[in-house]
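Here, each number is a calculation from the coordinates, and none is a lab measurement. Nothing here was measured: the structure is a model prediction, and the numbers come from that model. With ideal geometry, Cβ positions are generated from the backbone for all residues, glycine too; neighbour counts draw on all protein chains shown.
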Amino acid sequence: MGSLLANNWHSFLTGFGWTILSSIVALVFSLIIGSLFAIMEVMPNKVLRVIGNVYVEIFRNIPLLVITMFFYLVIPLYFVKINGFTAGTIGLTIYTSAFIAETVRSGINSVDIGQMEAARAMGMTYGQAMRYIVLPQAFKLVIPPLGNQFINLVKNSSVLAFVAGFDLMYQGNAIASQTFDTVNTYIIVGLFYLVITLPISYYMRHLEKTLA
Amino acid sequence: MQNWIDAYSAVNLKFLLQGLWVTVEISALSVIFSMIFGSILGIIRYSKIAYVSKIVGFIIDIIRNLPLLLIIFFVYFGLPSIGFKPDTIPAAILAMSVFESMMVAEIIRSGIQAVDIGQMEAARAMGMRYTQAMVHIVLPQAYKKMIPALVSQLISLIKDTSLTTIIVVPELMQHAQVIYGQNANYIVPMYLALAILYFIVCYALSLISKVVDRRLA
């Protein structure tokens, strides 16, 4: 295993880098998009609520692979040619944003309604009350589940391998098919994933215990 | 130009539904296996048996934090080099069952933890053994609480079967790829069909789960 790593460290590290980049870009955008849809889902306006709900239900119930392949194959047919990394990261962002919307929405709902009422009674507008009173409390509640979403996101970024996204899984497959040392290659790939996911997983469990 | 009429010919639709059936079969078998192994592992982890629970817990944490796709590759391309060569469908079921067992184990463990400790103590005080109290008192209450989490795990399992297309398991995603592989003008219709079919199955399950949850609560 040592020589396998020594001979291919450049590919492994490149893959690791693309995996991290894709995960972080998708995290940032899916946090923004997910929070927007979560807020839409709790708005007094019925039309916005329905739009938010439809978005979340659609993208939570379709496989990530279908979404990713759609972007990879269909966007080039009508618009611009996009590479696998971009298509994969867009797919990841949309898929994850639906889950984040759901998480943030349940966070907002679990903030006592009295907080919103009190803020409105103090003369704040709905937007102010949401921004300064409800959302800060909601985000504190949703940190552990958001951490778990990030772990899922890192694991899910392996779909980039389907669209030649140069990520860890893709590089691992390339190395496995060159060296024929499939078992050890996949073990090394697994260790790289665990370097990211395990610490977050343990930290989130610790947070859950201390916040509870 | 995308050809919608020919893409949705009777032959193609039938082929897609055959794929959907394989998806359902793989999901059903994986669910059964992972419920059994997951429950056992979850209880072992919860029970705090010296060393055993720690080791089981560590294995659960490792596998849960790996991508399912990696486990599929490992089972299908890795295991043959150490003398075990499963066919595509058994490989898919094995990989999914291993991964989902760990997910279920974690759900079971937190479900058991959510049952008031007084239930176990009362059952023990009534003279029940630990296993009796677990099987008859704690687990039935735990499963009731876990239904939403277990169903959403089932939904992600069904979605994840699409990954097995990479080892050419003849499931829904793979059948769609075969169809648009013959004619590039079928790509958009096929992805629309995939989205609709997966959505119907998964959304129906989530609706059922909501109803069941409301009945039991």
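Checked against the criterion of being of a type in the set (A, V, I, L, M, F, W, C), surrounded by fewer than 17 Cβ atoms within 10 Å (Cβ to Cβ) and farther than 24 Å from B:Ile107 by Cβ, the stretch B:57-66 has no qualifying residue.
Among the residues making up the stretch A:176-203, those that are more than 16 Å from A:Pro145 (Cα to Cα) and at the interface with chain B (Cβ under 7 Å from one of its Cβ atoms) are A:Ala176, A:Thr182, A:Val183, A:Tyr186, A:Val189, A:Gly190, A:Tyr193, A:Leu194. Within the bounds of the stretch B:114-129, is there any residue that is within 14 Å of chain A (Cβ to nearest Cβ), within 21 Å of B:Leu41 (Cβ to Cβ) and surrounded by 11 or more Cβ atoms within 10 Å (Cβ to Cβ)? Yes. Scanning the stretch A:25-55 for residues that are part of a helix (DSSP H, G or I) and touching a Gly at 6+ places or on another chain (Cβ under 9 Å) yields A:Ala26, A:Leu36, A:Phe37, A:Ala38, A:Ile39, A:Met40, A:Glu41.
Of all residues in the stretch B:155-183, those satisfying the criterion of being away from chain A (no Cβ under 12 Å) and either within 20 Å of A:Gln149 (Cβ to Cβ) or assigned to a helix (DSSP H, G or I) (or both) are B:His175, B:Val178, B:Ile179, B:Gln182.
To keep it simple, each residue is scored yes or no on (1) within 14 Å of chain B (Cβ to nearest Cβ); (2) among the charged types (D, E, K, R).
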{"position": "A:Ser106", "(1), (2)": "yes, no"}
{"position": "A:Lys140", "(1), (2)": "no, yes"}
{"position": "A:Ser157", "(1), (2)": "yes, no"}
{"position": "A:Leu160", "(1), (2)": "yes, no"}
{"position": "A:Ala174", "(1), (2)": "yes, no"}
{"position": "A:Arg205", "(1), (2)": "yes, yes"}
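A:Gly123 satisfies every condition listed in (1) outside any helix (DSSP H, G or I); (2) under 15 Å from A:Leu21 (Cα atoms) except (2). With respect to the conditions (1) away from chain A (no Cβ under 14 Å); (2) in contact (Cβ under 8 Å) with a residue 24 or more places away in the chain; (3) of a type in the set (Lys, Arg), B:Arg109 lacks only one, and its number is (1). Considering only the stretch A:96-108, I want to know if a residue exists there that is part of a helix (DSSP H, G or I) and over 18 Å from A:Phe37 (Cα atoms). Looking for residues that are part of a helix (DSSP H, G or I) and over 18 Å from A:Phe37 (Cα atoms), one finds none in the stretch A:96-108, hence no.
Select, from B:Ile62, B:Ile72, B:Ile44, the only residue that is in contact (Cβ under 8 Å) with a residue 24 or more places away in the chain and of a type outside the set (Asp, Glu).
Only one candidate passes the filter, namely B:Ile72.
The single condition among (1) in contact with a Gly (Cβ under 8 Å, 6 or more places away or on another chain); (2) farther than 23 Å from A:Asn152 by Cα that B:Gln119 does not meet is (1). For the stretch B:61-84, taking the residues that are more than 8 Å from chain A (Cβ to nearest Cβ) and of a type in the set (Val, Ile, Thr), the one that is farthest from B:Ser162 (Cα to Cα) is identified as B:Ile63.
Scan the stretch A:48-61 and give yes if some residue there is surrounded by 18 or more Cβ atoms within 10 Å (Cβ to Cβ), free of Cβ contacts under 8 Å to residues at least 12 places away in the same chain and either touching a helix residue (DSSP H, G or I) at 6+ places or on another chain (Cβ under 6 Å) or among the basic types (Lys, Arg) (or both), otherwise no. Yes, the stretch A:48-61 contains at least one residue that is surrounded by 18 or more Cβ atoms within 10 Å (Cβ to Cβ), free of Cβ contacts under 8 Å to residues at least 12 places away in the same chain and either touching a helix residue (DSSP H, G or I) at 6+ places or on another chain (Cβ under 6 Å) or among the basic types (Lys, Arg) (or both). There is no residue in the stretch A:193-203 that is more than 16 Å from the chain's Cα centre (by Cα), surrounded by 15 or more Cβ atoms within 10 Å (Cβ to Cβ), touching a residue at least 24 places away in the same chain (Cβ under 8 Å) and part of a helix (DSSP H, G or I). Taking the criterion of being surrounded by fewer than 22 Cβ atoms within 10 Å (Cβ to Cβ) and either farther than 24 Å from B:Asp160 by Cβ or more than 13 Å from the chain's Cα centre (by Cα) (or both), the residues of the stretch A:143-165 that qualify are A:Ile143, A:Pro144, A:Ala164. Quick test of your reading of the structure: A:Ile151 fulfils all but one of (1) out of contact with any helix residue (DSSP H, G or I) (no Cβ under 7 Å at 6 or more places or on another chain); (2) facing chain B (nearest Cβ under 8 Å). Name the failing condition by number. Failed condition: (1).
When A:Phe85, A:Phe139, A:Phe79 are checked against the criterion of being buried (at least 18 other Cβ atoms within 10 Å of the Cβ) and among the aromatic types (Phe, Trp, Tyr), A:Phe85 stands alone in meeting it. Of the residues making up the stretch A:61-91, those that are in a helix (DSSP H, G or I) and either more than 12 Å from every other protein chain (Cβ to nearest Cβ) or of a type in the set (Gly, Ala, Ser) (or both) are A:Gly84, A:Phe85, A:Thr86, A:Ala87, A:Gly88, A:Thr89, A:Ile90, A:Gly91. Taking the criterion of being within 33 Å of the chain's Cα centre (by Cα) and part of a loop (DSSP other than H, G, I, E, B), the only residue of the stretch B:126-138 that qualifies is B:Arg129.
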